[in-house]
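Note sheet for the following structure.
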Amino acid sequence: MDTFRIPADYESFLFDLNGTMIDDMHYHVKAWHDILNRLGANITMEKMKEECYGKNDELLERTFPGRFSGEEKRRMSFEKERDYQAAFVHELKLIEGLDTLIRQAHARGIRMAIGSAAIMFNIDFVLDNLSLRPYFSVVVSADDVSRSKPDPETFLRCAKLLGSAPANCLVFEDSPKGVESAQRAGMDAIVILGSHEPREFEQFENILHMAPDFRFIELPH
C-alpha cells in the first residue's frame, strides 16, 4: 500500500476510540448481543453490528422502546461494559502504526482529542491500560454531549475545548456515522477500515484517505 502523507493544514487531530484506536468492535457487538438476547430481543449478530452506534441508553431504547427506566439502562450499560472489558483486556492494544503517529504528532505540538460515544468508564479503561493520557488534552465522552454521532456535537465540542476552528481539525474514524458527524462539523476525515467496507462511505465528501491501519499514514514533512 502507498503511504498517505497528511496535509499540513491541520493543527488538531480528533480520534474516535472504538474501532479507530483499538480493534474492539467485535467485543462490543458480542457483549450487547448476549445481553439483548437474554432480554428477548432475538437479534442476529449481523443486525447487532448495525445497531452498535451511539450511546448505550440510545441503543437500548432503539431495541426496547419505553421498556426500561433511565436507572435500568444505566445498570445494563455498566453490565455490558464490564463484560466487554473482561473479554477484551488481554487483547487491548493500539491499532498498528497508531502509537508512532500519536508520539510524533505530540512531539510536533499537534493538539489531540478523543471524541467517542463511549462512557468514561470505557475510555478510562483504554487510557489507563495503554498509558495514553499524556497525549490527549481533551476527552469528550457520551457523558459530555446531549446528542451522539452522527450529530456533530462530539467533534465540535472537541474542537472548542482544543481551541481550534473546525476546519483546522482532522478526524480519524472507522464508521459511516462517525464520518457523517465529522462532515456535519465541517471537518475532514481519514477512515480506518475495520468492520466497515469502503462502499459504505461513498456518500461522504470529506474523506481524505482510507486505510486498514495507521502504518502507511504519515505526518507532513
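The values are calculated or read from the model by the stated rules, or taken from the named source; none is laboratory data. Worth saying up front: this structure is predicted, and the values here are computed from it rather than measured. As a convention, Cβ positions derive from the backbone with ideal geometry for all residues, glycine included, and neighbour counts pool all protein chains shown.
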### Task
Identify, from the list 120, 112, the residue that is in the same structural domain as residue 207 (by TED's automatic domain parsing) and touching a residue at least 60 places away in the same chain (Cβ under 8 Å).
112
### Query
Got a number for residues in the stretch 84-118 being of a type in the set (Lys, Arg), under 16 Å from residue 169 (Cβ atoms) and out of contact with any helix residue (DSSP H, G or I) (no Cβ under 6 Å at 6 or more places or on another chain)?
1
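I need the full set of residues from the stretch 138-163 which are loosely packed, with under 15 Cβ neighbours inside 10 Å, in contact (Cβ under 8 Å) with a residue 12 or more places away in the chain and touching a helix residue (DSSP H, G or I) at 6+ places or on another chain (Cβ under 9 Å), in order please. Walk me through it before giving the result.
Taking the stretch 138-163 and keeping what is loosely packed, with under 15 Cβ neighbours inside 10 Å, we get 143, 146-147, 160, 163.
Those still in the list that are in contact (Cβ under 8 Å) with a residue 12 or more places away in the chain too: 143, 163.
Selection gives 143 alone.
Anything in the stretch 1-27 that is of a type in the set (D, E, K, R) and modelled with pLDDT under 95? List them, or say none.
Pass one, the stretch 1-27, residues of a type in the set (D, E, K, R): 2, 5, 9, 11, 16, 23-24.
Scanning the stretch 1-27 gives 2, 9, 23, 24.
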### Query
From the set of residues in the stretch 88-117 that are crowded, with 16+ Cβ neighbours inside 10 Å and farther than 22 Å from residue 212 by Cα, which is nearest to the chain's Cα centre (by Cα)?
111
### Query
Out of the residues in the stretch 51-74 that are among the basic types (Lys, Arg) and under 21 Å from residue 116 (Cβ atoms), which is surrounded by the most Cβ atoms within 10 Å (Cβ to Cβ)?
55
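Every residue, every condition in (1) in contact with an Asp or Glu (Cβ under 8 Å, 6 or more places away or on another chain); (2) surrounded by 14 or more Cβ atoms within 10 Å (Cβ to Cβ), yes or no:
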residue	(1), (2)
9	no, no
19	yes, yes
26	no, yes
36	no, yes
49	no, yes
### Failed item, numbered, when residue 40 is tested on (1) free of Cβ contacts under 8 Å to residues at least 12 places away in the same chain; (2) touching a Lys or Arg at 6+ places or on another chain (Cβ under 8 Å)
(2)
### Query
Of the numbered conditions (1) assigned to a helix (DSSP H, G or I); (2) in contact with an Asp or Glu (Cβ under 8 Å, 6 or more places away or on another chain); (3) outside the structural domain of residue 29 (by TED's automatic domain parsing); (4) not hydrophobic (A, V, I, L, M, F, W, C), residue 150 satisfies every one except a single condition; which is it?
(1)
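Please go through the stretch 173-221 and pick out each residue that is aliphatic (A, V, I, L, M) and not in a loop (DSSP other than H, G, I, E, B).
Initial filter on the stretch 173-221 (aliphatic (A, V, I, L, M)): 179, 182, 185, 187, 189-193, 207-208, 210-211, 217, 219.
Correct list: 179, 182, 189, 190, 191, 192, 207, 208, 210, 211, 217.
Taking into account only those residues within the stretch 46-74 that are basic (Lys, Arg) and touching a residue at least 40 places away in the same chain (Cβ under 8 Å), which is farthest from residue 123 (Cα to Cα)?
Of all residues in the stretch 46-74, those basic (Lys, Arg) come to 47, 49, 55, 62, 67, 73-74.
Checking the rest, the ones that are also touching a residue at least 40 places away in the same chain (Cβ under 8 Å) come to 49, 55.
Values: 49: 20, 55: 13 Å.
Looking at residues that are basic (Lys, Arg) and touching a residue at least 40 places away in the same chain (Cβ under 8 Å), I get 49.
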### Query
If you check residue 185 against the conditions, is it surrounded by fewer than 18 Cβ atoms within 10 Å (Cβ to Cβ) and over 17 Å from residue 18 (Cα atoms)?
no
### Query
Do we find that residue 121 is touching a helix residue (DSSP H, G or I) at 6+ places or on another chain (Cβ under 9 Å), modelled with pLDDT under 95 and either more than 26 Å from residue 212 (Cα to Cα) or assigned to a strand (DSSP E or B) (or both) in this structure?
yes
### Query
If you take the residues in the stretch 189-208 that are surrounded by fewer than 18 Cβ atoms within 10 Å (Cβ to Cβ) and aliphatic (A, V, I, L, M), which one is nearest to residue 171 (Cα to Cα)?
208
